[in-house]
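Worksheet: one structure, shown below.
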Amino acid sequence: MAQKIIIDTDPGQDDAVAILLALASPELEVLGITAVAGNVPLALTARNARMVLELAGHTEVPVYAGCDRPLRHTLVTAEHVHGRTGLDGPDLPDPQMPLSEGHAVDFLIDTLRSEPEGSVTLCPLGPLTNVAKALTRAPDIGPRIARIVLMGGAYFEVGNITPAAEFNIYVDPEAADIVFKSGVPLTVLPLDCTHKALVTSPRNEAFRALGTPVGIAVAQMTDFFERFDREKYGSDGAPLHDPCVIAWLLRPGLFTGREINVEVETVSDLTRGMTVADWWGVTDRPANALFIGGIDADGFFALLTERLARL
């Protein structure tokens, strides 16, 4: 039986690739996609999610628009990385499928209440606003969630939007704090892991060589996406962050990590959004997350390329 998931996302080229990987994987059943403001404003993230579904030929998956701003702060976006639309690179048509009626937070609550307890995994790829609001509004859903597998945070790799903070957590640290304190089992794919999943030129050419609309579009997305990270980090390619979430569900053996305590800084102006990861166990704070540090990058890209070929 396929594992049921909900993808909460702010597409984003790497979010798009994560969605495509999930749709291409029979082990997973995507119950819905909930859009949140993050990489770009909500109207664009909701649009981009539908464009990706249409690219993949999976318009049966509903898309719900969610929160258009963080819980407390002004929205910070990342057009400097993802382009004006959030999905710059390929020339994809405007979506024809409509948004589903209702708010994403209501969809999360209703779905988790109606599906069997422990049967649904949440996969947040952006700021955690929708998930935190759902947990706050309906505390009864927490024990019903099988696991939250999220892309966010950093420790040894420090920050990518401030010196201390990773973008997804920085955009809404109060929401992240709620999620990390929720008691729901967590797997965290931080920059420490995703910065090892680099789209090098040969890996990108493997996407293009698929010769399909999906393969070509993914190559165009990563062509655009990597220009920023190559210049910033001087690396051989761009980190493909969000697909690591889906890959962990499919092949956890590709990853290594530790069960540790992770706290989110919400007060300091200097380190707001920092994920304080007790990697070395120097406090007595109980573990609340499986914090991933390593990835078999070759295995990851082999899996990703093989699955994209199915769409």
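Here the Gaussian network model covers the chain, with springs between Cα atoms less than 10 Å apart; of Ala16, Ala209, Ala146, Ala209 fluctuates the most. If you work out log10 I(q)/I(0) by the Debye sum over Cα atoms at q = 0.07, 0.09, 0.12 Å⁻¹ from the coordinates, which of [x] -0.50, -0.74, -0.95; [y] -0.23, -0.38, -0.71; [z] -0.36, -0.58, -0.93 do you get? Read-out taken from this structure: [y]. Taking θ as phi - 60° and the Karplus parameters 6.51, -1.76 and 1.60, the scalar couplings of region 45-61 work out to 5, 5, 5, 5, 4, 5, 4, 5, 4, 5, 4, 7, x, 10, 6, 6, 7 Hz in sequence order, x denoting glycine and proline.
The GNM of the chain, with springs linking C-alpha atoms under 10 angstrom apart, assigns the highest mean-square fluctuation among His241, His73, His103 to His73. Region 172-207 and region 32-108 have Cα centres separated by 18 Å.
Please give me, ordered by residue number, the trypsin sites (Lys or Arg not before Pro) of region 79-152 that lie in loop per DSSP and have at most 10 other Cβ atoms within 10 Å. Don't jump to the answer; show the numbers that get you there.
On the way: sites: Arg84, Arg113, Lys133, Arg137, Arg144, Arg147; in loops: Arg84.
Sparse-neighbourhood loop trypsin sites (Lys or Arg not before Pro): Arg84.
In this calculation the C-beta distance from Thr85 to Val276 is compared with R0 = 25 Å, giving a FRET efficiency of 0.15. Sequentially through region 256-263, phi angles give Karplus couplings (6.51, -1.76, 1.60; θ = phi - 60°) of 10, x, 9, 7, 9, 8, 10, 10 Hz, Gly and Pro residues having no value and appearing as x. In this simple spin-label model, placing a label point 7 Å from the Cα along the Cα-to-Cβ direction at both Arg251 and Arg69 gives a separation of 4.3 nm. Here the dipole of the chain is about 180 debye; that uses its Cα centre as origin and unit charges on the Cβ of Lys and Arg (positive) and Asp and Glu (negative).
Which loop trypsin sites (Lys or Arg not before Pro) in region 249-311, with loop taken from DSSP, have no more than 16 other Cβ atoms within 10 angstrom of their Cβ? All intermediate terms of the calculation are to be shown ahead of the outcome.
Details: sites: Arg258, Arg272, Arg307, Arg310; in loops: Arg272, Arg310.
Answer by residue number: Arg310.
Close amide-amide hydrogen proximity is noted between Val120 and Ala146, each under 5 Å apart and 5 or more residues distant or on a separate chain (H modeled in the peptide plane; Pro and chain starts excluded).
What base-10 log of the normalised intensity I(q)/I(0) is obtained for region 239-278 from the Debye formula, alpha carbons as equal point scatterers, at q = 0.22, 0.33, 0.34 Å⁻¹? Per q value, in the given order, log10 I(q)/I(0) is -0.84, -0.98, -1.00.
Each listed q (0.16 Å⁻¹) maps to a log10 I(q)/I(0) for region 142-255, found by the Debye formula over equal Cα scatterers with no solvent: -0.85.
Scanning the chain for chymotrypsin sites (Phe, Trp or Tyr not before Pro) lying in DSSP loops with no more than 16 further Cβ atoms inside 10 Å, the longest uninterrupted stretch between such sites is 1-155. Pairs of Lys residues in region 3-308 that lie 8 or more places apart, or on two chains, and have C-alpha atoms under 27 angstrom apart add up to 4. Projecting the Cα positions of Thr271, Ala238, Ile216 onto the charge dipole of region 178-311 (unit charges on Cβ atoms of Lys, Arg, Asp and Glu, taken about the Cα centre) puts Ile216 furthest along the positive direction.
Every number in this text was worked out from the coordinates using simple rules, so none of it is lab data. Not measured: the values here are computed from a predicted model. When we count neighbours, we look across all protein chains shown, and the Cβ atoms used for this are built from the backbone with ideal geometry, even at glycine.
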